Amino acid sequence: MHGGMKVYAGGATAARQYLEADRGRADDYYLAEGTGIARRFAAADGRVLELAPLTGDNYEAWVSGLDPETGLPRGRLRTAERAVRFVEVVVNGPKSWSLAAALHPDIAQAYDAAQNRAAGQIIAWLAEHATTRVGPAGGQVQVPVERLEAVTVRHHTSRAGDPHRHLHLQINARVFAAGNWRGLHTVGVRDSLAAINGIGHSAVATDPQFRAALATHGFTLDGTGEIRQLAVYVGPFSARTAQIARNTDRYEREWTQAHPGEHPGPALRRAWDARAWAEGRPDKVSPQPGADLAERWLDELAVLGYRDRDIPVHLTPTPIGALDRDGAAEMVLTRLAASRSAWNAADIRGEVEQLIAAAGIVADAAIRTELAQDLTARALERCVPLLSRDVLRCLFPSTSAHGPPSRWSISRPS
């Protein structure tokens with residue numbers, strides 16, 4: 001999993017349009033009116049529970065800070081046009097994973113399920129570490145979040161229409177703590193991006209069901225997470241994607257200049273997508289949604305020279321017991337120190353998760369999480385806090401009612 005974090009500030013309708021714009025034709029039905037467009041989750045008391053899915057209108061209410069079931073506001077809502085509504089990351093993976101899913105339906109099913117589990121683990125981690133502020137202006141303290149809500153929206157394609165299975169994971173800016181709904185401390189969440197990305201990548205890369213599905217069709221992962229047998233085809237697909245995206249962006253710029261203040265709708269975007277795909281290939285027929293689009297992916301892979309051997313390989317993961325935990329903790333700090341002089345615990349957790357994935361470990365989520373927590377703790381023990389020990393206690397909600405400040409740093413002893 002890679003990518004940045006989007007702190008969305010704006011209207012609920014625009015948020016919905018943003019989701020509609022970030023997918024290709026094969027995903028059109030996901031945001032159709034009257035259907036469930038988003039899976040909704042609540043995290044509290046150390047558990048993540050799935051709630052009823054959100055329709056388009058319910059989703060807009062949820063983004064606005066309203067209870068999507070009752071329509072009641074969650075606390076005192078900000079009415080400013082640029083009020084923060086949610087924080088978003090994208091749960092994704094190397095492009096070769098999406099190519100494998102396009103080739104084999106059972107891999108697609110296992111990959112989607114692994115991404116769902118990864119999203120749940122990210123939500124659980126954020127619920128444990130996120131904070132909000134309580135008290136009058138000038139005297140606020142940070143307290144742990146007691147309940148937060150999130151949604152996931154699945155897309156199977158990119159805007160250019162190539163295979164790109166990913167989840168939009170959005171954490172609502174309204175969280176419950178100290179008896180009321182309050183605003184999420186978004187700066188603290190932003191400082192957690194390394195851990196979020198690390199957990200998302202490692203959760204999928206080490207997922208037993210996903211890895212077994214890959215092995216059934218002869219696919220193996222290299223140290224970066226790419227599928228060895230498909231990595232060579234990622235570049236040509238990406239080049240084509242970039243070409244289509246440039247075409248679509250040009251159409252949108254031209255339309256926006258001619259229609260100031262207006263927003264293009266889904267039908268117009270679909271027309272741009274078809275036009276962008278066909279541009280430069282006048283002898284090609286514009287593909288259709290769904291299965292026809294998947295057939296085009298397979299045709300393009302064949303043109304690039306791919307031949308599916310489909311010969312199973314044995315899945316031989318690295319045993320967790322064979323991992324030198326102290327050596328791994330030292331390696332994590334070496335990698336961090338190579339690029340910076342100070343870091344936080346989330347940075348360490350993110351690097352730990354990347355190391356676990358690269359080590360070839362395959363394990364259930366609870367086992368991998370225990371390993372990641374242990375390696376993180378070992379690395380932290382080797383660091384020197386850049387704040388006093390009294391202040392450091394405030395960094396952890398479990399030891400202080402004040403919760404963490406917006407930023408803090410630690411470094412290795414010299």
Any chance LEU214 is in contact with a Leu (Cβ under 8 Å, 6 or more places away or on another chain), more than 19 Å from ALA44 (Cβ to Cβ), open to solvent by less than 30 Å² (accessible area, probe 1.4 Å) and not basic (Lys, Arg): yes
Can you name every residue in the stretch 40-76 that is surrounded by fewer than 19 Cβ atoms within 10 Å (Cβ to Cβ) and charged (D, E, K, R)? ASP45, ARG47, GLU50, ASP57, GLU60, ASP67, GLU69, ARG76
Residues located in the stretch 173-186, provided they are of a type in the set (Lys, Arg) and buried (at least 23 other Cβ atoms within 10 Å of the Cβ): ARG174
What are the residue pairs meeting all of these: first residue in the stretch 60-77, first residue over 19 Å from GLU88 (Cβ atoms), second residue among the polar types (S, T, N, Q) and surrounded by fewer than 18 Cβ atoms within 10 Å (Cβ to Cβ), Cβ atoms under 8 Å, and 6 or more apart or on different chains? GLY75/ASN180
Which of the residues belonging to the stretch 95-108 are of a type outside the set (Asp, Glu), in contact (Cβ under 8 Å) with a residue 60 or more places away in the chain and either in contact with a Pro (Cβ under 7 Å, 6 or more places away or on another chain) or open to solvent by 20 Å² or more (accessible area, probe 1.4 Å) (or both)? LYS95, SER98, LEU99, ALA101, ALA102, LEU103
Members of the stretch 187-200 found to be at pLDDT below 95, surrounded by fewer than 19 Cβ atoms within 10 Å (Cβ to Cβ) and out of contact with any Lys or Arg (no Cβ under 8 Å at 6 or more places or on another chain), listed by number: ARG190
From the residues in the stretch 349-378 that are among the β-branched types (Val, Ile, Thr) and over 16 Å from PRO208 (Cα atoms), which one is most open to solvent (accessible area, probe 1.4 Å)? THR376
If you scan the stretch 78-91, which residues turn out to be touching a His at 6+ places or on another chain (Cβ under 7 Å) and open to solvent by 10 Å² or more (accessible area, probe 1.4 Å)? VAL90
Within the stretch 235-265, restricting attention to residues that are of a type in the set (Gly, Ala, Ser) and in a loop (DSSP other than H, G, I, E, B), which residue is most open to solvent (accessible area, probe 1.4 Å)? GLY261
What pairs come out if I take residues in the stretch 2-14 that are in a helix (DSSP H, G or I) and pair them with residues that are crowded, with 16+ Cβ neighbours inside 10 Å whose C-beta lies under 6 Å away, six or more apart or interchain? ALA12/GLU60; ALA12/VAL63; ALA12/SER64
Consider only pairs whose beta carbons are under 7 Å apart and that are at least six residues apart or on different chains; among these, list those whose first residue lies in the stretch 334-363 and is closer than 12 Å to GLY198 by Cβ and whose second residue is part of a loop (DSSP other than H, G, I, E, B). ALA346/ASP191; ALA346/SER192; ILE356/THR206; ALA357/THR206; ALA357/GLY225; ALA358/GLY223
Quick check on the stretch 131-172: of everything there that is of a type in the set (Gly, Ala, Ser) and open to solvent by less than 10 Å² (accessible area, probe 1.4 Å), which residue is modelled with the lowest pLDDT? ALA160
For the stretch 318-336, state whether one or more residues are in contact with a strand residue (DSSP E or B) (Cβ under 8 Å, 6 or more places away or on another chain), of a type outside the set (A, V, I, L, M) and open to solvent by less than 90 Å² (accessible area, probe 1.4 Å). no
Against the conditions (1) at pLDDT 80 or above; (2) loosely packed, with under 11 Cβ neighbours inside 10 Å, where does VAL285 fall short? Just the number, please. (1)
Step by step: first the residues of the stretch 67-104, then only those that are acidic (Asp, Glu) and in a loop (DSSP other than H, G, I, E, B), then the one that is farthest from ASN116 (Cα to Cα). Which residue is that? GLU81
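The values are calculated or read from the model by the stated rules, or taken from the named source; none is laboratory data. Values in this document were obtained by computation on a predicted structure and should not be read as measured data. Counting neighbours? That spans all protein chains shown, and the Cβs are built from the backbone with ideal geometry, glycine included. Heavy atoms of the whole protein, side chains included, go into the accessibility calculation; ligands, DNA and RNA do not. Shrake-Rupley method; radii C 1.70, N 1.55, O 1.52, S 1.80 Å.
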